[in-house]
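What follows is a single structure, written as C-alpha cells, with notes after it.
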Amino acid sequence: MGSRTPLFSEHERLGARIVPFGGWDMPLHYGSQLDEHHAVRQQAGVFDVSHMRPVDIQGTDALSFLQRLLANDVAKLKQPGKALYSCMLNAEGGVIDDLICYYLGPNRYRAVVNAATADKDLAWMHACLQSASVGINSRDDLALLAVQGPEARAQAASLLPVALREPALALKPFFATEQGDWLVGRTGYTGEDGFEIMLPAAEVVELWRALLAVGVIPCGLGARDTLRLEAGMNLYGQDMSEEVGPLESGLDWTVAFAPRERDFIGRAALEAQQASGELRQVVGLLLTGRGVLRSHQPVLVNDQPVGEVTSGGFSPTLQRSIALARVEPGIGDQCAVEIRGKAVPARVVKPPFVRHGEARIALDDQDARA
C-alpha cells in the first residue's frame, strides 16, 4: 500500500480506479479517462495533486541559495506572487527534478516538487546548503488541487475564502496570491487556464466537494497525462532525467545563463554541452500510419535510428497518435517510428499539439486516426 492523500476516501467513494504512482495510491480515472480529458478542454476539471510537495525556503540567504540551486534565475522574480519554472540540476547537468518556484515576499519562496522525487529533492536541497540563514520546510500539512479548463477560474473563485476571490480572478498567468495557509496560483499542467490551489489538508475535502457540487469534473492521472502531452509539457523520468539535461529536453528556455557570474549547479556541464555542438533536440511527432506511439520506440530516417520517443500516446482532442521525441539535429519534417518491428511513417511537428482547446498543428485528412 502506498501513501494516501487526504482525499483518498473521496476517490474511493466516487469509484475511482486506484493505481500506484510515485509511492502513492492515486486515482487513474473515475470511469472514463476520455470524458475527463474532454471536460478539461471544454469546461472544467479538478485533479487531486496533493501527492506533490510544497517546500518553503526562507531566510536572508534564500535568494542566493536558490540562485545556485536552480538553473533558472529566481532574481527575475521581483513582484510577490510571481512564479517561474525551473530544473534543479546535478553537477553533470542532469535533471534532479523540475519544479515551480514562487516568490512570496522578501526572503520567502515556495517550490513545488514532484511526488516521486520529493524525498530525493529535499535531501539534495539540504546537501547544497552553505548558509545557516536558510530554512527549508517541507509543507506536509498542505493539500493541492488543480482546477483546470476554460471555465475553471470562474467556477473555483467563488468557493475560495472571501479574501482570495477577487485577487485570484485578477491574477496574471504564473502569478499567485496567498492568504494565511492558502495559496492560489494561475498555473497548471494541462495547456488550459485555471488555478493550482494549496490549502490546509484539513480543509481540502470541503473544497473538493464544493467544486464537484458546482459541476467541476473529478479527473485522474490518465487525463492529466494526455492533457500535458497534447500541451507539449515534459514528464520527469521520461522526457528528462538525471542522465538527460534541459538542453536536450526542449527546456533550454528555462536555463538562465545571464548573468555570467551566477554559478548555478550544472552550469559548467551545460556550457560544455553547448560548446560540443552535438546536442540532440526535442520534436513533436504525429503518426501518419497506423499504430500508437509509446516511450522508447526508435525514431528512424532512411531506416536508420536517429533518436527515440520519450512520451507518446493517443490524443483525444486530435484523434491521432502523438509523441515527444529526442532526436539528432536536422531530422527534417518526415520520419518513421518502429512499432512492433515495423517502420510506421510520422510527421515531425513543433509542440504544443493543443493549447486552450484548439489544435496548434495542421492536420491532414490523410493522417491516420489512432
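Charged neighbours of L169, selected by a Cβ distance under 12 Å, balance to +2 (K, R count +1; D, E count -1). Could you work out the local net charge near A156, counting Lys and Arg as +1, Asp and Glu as -1, over the other residues with Cβ closer than 12 Å to its Cβ? Neighbour charge sum, excluding A156 itself: 0.
Residues L142, L229, arranged from fewest to most other Cβ atoms within 10 angstrom of their Cβ, appear as L142, L229.
Of the residues K78, K342, the one with the fewest other Cβ atoms within 10 Å heads the list, and the complete ranking is K78, K342.
For the stretch 280-370, the Kirkwood estimate of the hydrodynamic radius, built from every pair of different alpha carbons, is 12.7 Å. Pick out, in residue order, every one of the trypsin sites (Lys or Arg not before Pro) in the stretch 283-323 that is DSSP loop and has at most 13 other C-beta atoms within 10 Å; say none if there are none. Of the trypsin sites (Lys or Arg not before Pro), the ones in loops of the stretch 283-323 whose Cβ has at most 13 other Cβ atoms within 10 Å are R290.
The charge dipole of the stretch 226-370, taken about the Cα centre with unit charges on the Cβ atoms of Lys, Arg (+1) and Asp, Glu (-1), comes to about 460 debye, rounded to the nearest 20.
Think of it as helices only: each DSSP H run of n ≥ 4 in the chain is worth -39500 (n - 2.57), and spread over all residues that comes to -6000 deg cm²/dmol at 222 nm.
Readers should treat all values here as calculations from the given coordinates under stated rules, not as data from a laboratory. Just so you know, these numbers come straight off a predicted model, no measurement behind them. With ideal geometry, Cβ positions are generated from the backbone for all residues, glycine too; neighbour counts draw on all protein chains shown.
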